[in-house]
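Presented below is the structure to which this report refers.
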Amino acid sequence: MRHFSCDLCGRDLTANESRFVLRMEVYAATARGHESASSLDDDAAEMMGDLLDALDGDSETDLELSLAPSTQSMEYDLCPNCRTRFAADPLGRDQLRKLRFSAN
């Protein structure tokens, strides 16, 4: 039997508990909109050329940034309470407003 727990509060969700799966995908948006298959092939060839150029003499940090994935997929398990809280404030803006720092 698989074990599930809420990724926010840690509550055990294995024993007949409602469980919600949150899937998020972050990707770079392009201003070009929809493209044809031939233009995608051209872009892939150009991108490979750019990556090969990056291998010639660029710093290791620059190379890592150019090879970083442009799409990131994430999946989280949430209990009913955390799902409700997330749905109400998905970007956590309200939590940021509640932070009060002292004037040291």
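Quick note: the coordinates plus some simple rules give every number you see, no bench work behind them. Computed from a predicted model, the values in this text were never measured in an experiment. Every residue, glycine among them, receives a Cβ derived from its backbone with ideal geometry; neighbour counts consider all protein chains shown.
Side notes on the structure shown:
- Sorting 72-82, 88-98, 7-17 by average packing, meaning the other beta carbons within 10 Å per residue, from highest down gives 72-82, 7-17, 88-98.
- Once the Cα-Cα distance is subtracted from the 0.36 nm per residue extended length, the T14 to A28 segment shows a gain of 1.5 nm.
- At R0 = 30 Å, FRET efficiency that the Cβ-Cβ distance of T71 and V21 yields, to 0.05: 0.95
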